[in-house]
1. With a/c under 1.5 counting as rounded, go ahead and sort the chain into rounded, prolate or oblate using the C-alpha gyration tensor (a ≥ b ≥ c being the square roots of the eigenvalues; past the cut-off, prolate if a/b is larger than b/c, else oblate).
2. Rank Phe36, Thr54, Phe7 by how far each Cα sits towards the positive end of the charge dipole of segment 1-67 (+1 on Lys, Arg Cβ; -1 on Asp, Glu Cβ) and give me just the farthest.
3. Give me the one-decimal nm value for the distance between modelled label points at Arg96 and Cys18, 7 Å along each residue's Cα-to-Cβ direction.
4. How much net charge surrounds Arg72 when only the other residues with a Cβ under 13 Å from the Cβ of Arg72 are counted, with Lys and Arg +1 and Asp and Glu -1?
5. Counting alpha carbon pairs within less than 8 Å and at least 6 residues apart, what relative contact order, in whole percent, applies to the chain?
6. In whole percent, what relative contact order does segment 20-81 give with Cα contacts below 8 Å and a gap of six or more residues?
7. About the Cα centre of the chain, what is the dipole size in debye to 20, counting +1 per Lys and Arg Cβ and -1 per Asp and Glu Cβ, all else neutral?
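FYI, it's all coordinate maths here, none of it is from the lab. All figures in this text were calculated on a predicted structure; none of them were measured in a lab. Glycine also receives a Cβ, built like all others from the backbone with ideal geometry; neighbour counts cover every protein chain displayed.
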Amino acid sequence: MHFRVRFADPPELLDCNCSICAKTGFLHLIVDKADFTLERGTDALSDYRWGSGTAQHLFCSTCGIKSFYVPRSHPHGYSVNWRALDGVEDVAPRIRAYDGRHWEKARAELG
């Protein structure tokens, strides 16, 4: 799978404490769909949904990594795992805590 993503400088990342993000180390870079391009690997994506079914969790069916997905909080964009990006070692992002354990309240505060 290969994708490109454009982001602001400095990028703002959300560090979510929900059970999935905390256990997998997912660090969210939220981007508009126009700022994300999946160049190859569409055929290897597997989709997993639970709860409300709104979030489209996309996993590589070959290696199992979730590099990006369509989040419930931003259904018209993508959440990209900052830790899955190459070439960002010299970028200094701003990291903000996100209380995903209390999703509805955190989403209202995020705006």
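1. It is oblate, given that a/c is not under 1.5 and a/b is not larger than b/c.
2. About the Cα centre, the residue reaching furthest to the positive side is Thr54.
3. 1.7
4. +1
5. Worked out over the chain, it gives 33 percent.
6. 35
7. Roughly 360 debye for the chain.
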